[in-house]
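Taking it in order: structure first as structure tokens, then the write-up.
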């Protein structure tokens, strides 16, 4: 399903560095990276690397999904959030919000405070199989339960005759 490179579109390719003093110590950590990209597909690929990070460091940071909202003054509400691992290609499918193919969202990546530099890359999977959301799975299960209940009622009526 994910094997066609033509189904992946690179949407983000950003480098950031922390502010360092003369001794190469961090004086100001890398802030949240909020790419000016509107995402429209629920499956993304993420890769974070660092030229200076120790090879045994595991956590690169946290990726947060944000949705535009029509209430309040915030503009965006938090969606799903997940931990990103350094030097590991990751595929993540957002499933908590319905109709993700029609809903636009933003992403925000917050690197770990101790990382001196990051290279963030994010791809959107534009292939035909975007997968199910939790809402659509729940609706499918409820439909099947309803059909099963209806069949059981019919069987019980036949058994009484």
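Just so you know, all these numbers are worked out from the coordinates, no wet-lab data involved. These numbers come from a predicted model, not from an experiment. Cβ sites come from the backbone with ideal geometry, for glycine too, and all protein chains shown count toward neighbours.
Only beta bridges with both residues in segment 5-129 are counted; by DSSP, about 95 percent of them are antiparallel. Think of it as helices only: each DSSP H run of n ≥ 4 in the chain is worth -39500 (n - 2.57), and spread over all residues that comes to -6000 deg cm²/dmol at 222 nm. What's the FRET efficiency of residue 13 with residue 144 using the Cβ-Cβ distance as r and R₀ = 41 Å, to the nearest 0.05? Once the sixth-power term is evaluated, E becomes 0.40.
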